[in-house]
Amino acid sequence: MVVNPASDHGRTGRRWPEIARAAAARGLDLDVRATEAAGHASELTRAALAEGVGLIVAVGGDGTVSEVANGFFDGETAVAPEAELAVIPRGSGCDFVKTFGIPKQVDRAVAVAAGSTVRTVDLGRVRFTGWDGAPAARIFCNVASAGLTGVAADRVNRSGKPLGATVAFAWGTIVTFVGYRNSRFRVRIDERELDQVCNNVIVANCRYYASGMKIMPMADPADGLLDVLVWGDVGKADLARNLHKLYRGTHVGHPKADISRARRVAVEPDIVLPIEADGETPGVTPVAFEVVPSALRLRVPS
């Protein structure tokens with residue numbers, strides 16, 4: 001069990017006895033390893049899998065789950081292909097689990113973790129330029145993007161989420177858009193090429209992100225493809241009118257929403273922009289996204 005005690009504004013650490021009791025009641029005899037810094041969950045996971053552990057239970061938010069998923073790989077090689085991941089969601093957003101129906105209630109989530117129903121799902125890999133200027137790559141479980149959402153995620157991560165993730169991401173999107181200028185993007189979606197003024201490019205393995213936005217309502221994390229949304233030259237008034245539709249998944253019919261599926265997507269804006277992957281901002285454009293099919297065995301509700 002890889003636990004981020006700082007998740008959910010520190011409530012995970014404070015509620016740890018309750019989580020431990022629930023796990024024991026379900027017969028989970030777990031070696032508990034707590035994270036201490038960014039990236040530590042990946043290290044703990046990779047080390048445990050190398051020791052022969054067959055189940056990793058991630059306790060935390062989307063950032064923790066993403067780090068744990070990265071720990072299932074050493075570079076581009078799976079450390080233990082038959083190992084399984086379970087999630088006890090303890091973050092402010094917890095978007096990844098929504099696609100699979102994994103509950104946020106501790107007792108019910110522990111029951112799923114202790115169960116035997118496993119689904120083999122895809123992951124995504126994103127290649128980008130790190131903040132240090134060097135080429136970098138990482139796995140994403142849920143959604144990655146380049147454009148407005150990268151800038152907004154960077155703003156939110158720097159300022160925190162004192163009123164919760166949903167308010168923080170909605171506020172971050174709106175405030176960012178006030179000063180954000182759409183720019184020309186060159187986008188290659190498998191063999192199709194776009195060269196146009198864009199607001200954003202969103203590449204999704206699952207359906208929800210930004211604390212509840214149903215950004216890709218038809219995404220199937222086991223189809224061997226990534227769902228791609230290219231937002232065209234959307235204006236500020238248009239965003240204000242349609243922001244609520246992002247939470248319902250009814251934005252997909254918007255005339256400036258280009259939606260497709262692909263194995264690989266490359267994005268190069270005219271200006272350098274932060275990228276976002278599972279809510280984190282690890283670097284900047286240019287960026288390439290690719291599917292990693294059947295990459296993870298995930299415990300889900302029966």
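Which residues, counting only those in region 141-155, are at pLDDT 85 or above, part of a helix (DSSP H, G or I) and not aliphatic (A, V, I, L, M)? Break it down into steps so the answer makes sense when it comes.
Start the filter on region 141-155 by keeping residues that are at pLDDT 85 or above, which leaves 141-151.
Of the ones still in play, those that are also part of a helix (DSSP H, G or I) are 148-151.
Passing the criteria: Thr149, Gly150.
The residue that is surrounded by the fewest Cβ atoms within 10 Å (Cβ to Cβ), among those in region 84-112 that are over 20 Å from the mean Cα position of the chain (by Cα) and touching a residue at least 60 places away in the same chain (Cβ under 8 Å), is Asp107. For region 248-302, taking the residues that are hydrophobic (A, V, I, L, M, F, W, C) and part of a loop (DSSP other than H, G, I, E, B), the one that is nearest to Ala152 (Cα to Cα) is identified as Leu273.
Condition check ((1) free of Cβ contacts under 8 Å to residues at least 12 places away in the same chain; (2) outside the structural domain of Asn182 (by TED's automatic domain parsing); (3) over 11 Å from Ile215 (Cα atoms)) across all residues:
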{"residue": "Trp231", "(1), (2), (3)": "no, no, yes"}
{"residue": "Gly235", "(1), (2), (3)": "yes, no, yes"}
{"residue": "Arg241", "(1), (2), (3)": "yes, no, yes"}
{"residue": "Tyr247", "(1), (2), (3)": "no, no, no"}
{"residue": "Lys256", "(1), (2), (3)": "no, no, yes"}
{"residue": "Ala262", "(1), (2), (3)": "no, no, yes"}
{"residue": "Val265", "(1), (2), (3)": "no, no, yes"}
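I'd like to verify a number: residues in region 8-22 that are of a type in the set (D, E, K, R) and in a helix (DSSP H, G or I), how many?
Keep residues of region 8-22 that are of a type in the set (D, E, K, R), which gives 8, 11, 14-15, 18, 21.
Checking which are in a helix (DSSP H, G or I) leaves us with 11, 14, 18, 21.
The total comes to 4.
Among the conditions (1) over 23 Å from Val53 (Cβ atoms); (2) hydroxyl-bearing (Ser, Thr, Tyr); (3) touching a helix residue (DSSP H, G or I) at 6+ places or on another chain (Cβ under 7 Å), Thr129 misses just one, which is (3).
Summed over region 65-95, residues that are of a type in the set (Ser, Thr, Tyr) and either closer than 19 Å to Ala38 by Cβ or not assigned by TED's automatic domain parsing to the domain that holds Thr12 (or both) total 2. Criterion first (within 17 Å of the chain's Cα centre (by Cα), crowded, with 18+ Cβ neighbours inside 10 Å and touching a residue at least 12 places away in the same chain (Cβ under 8 Å)) does Leu273 satisfy it? No, not satisfied.
The values are calculated or read from the model by the stated rules, or taken from the named source; none is laboratory data. Given the structure is predicted, the values throughout are model-derived calculations rather than measurements. Heads up, the Cβs are rebuilt from the backbone with ideal geometry, glycines too, and the neighbour counts pull from every protein chain shown.
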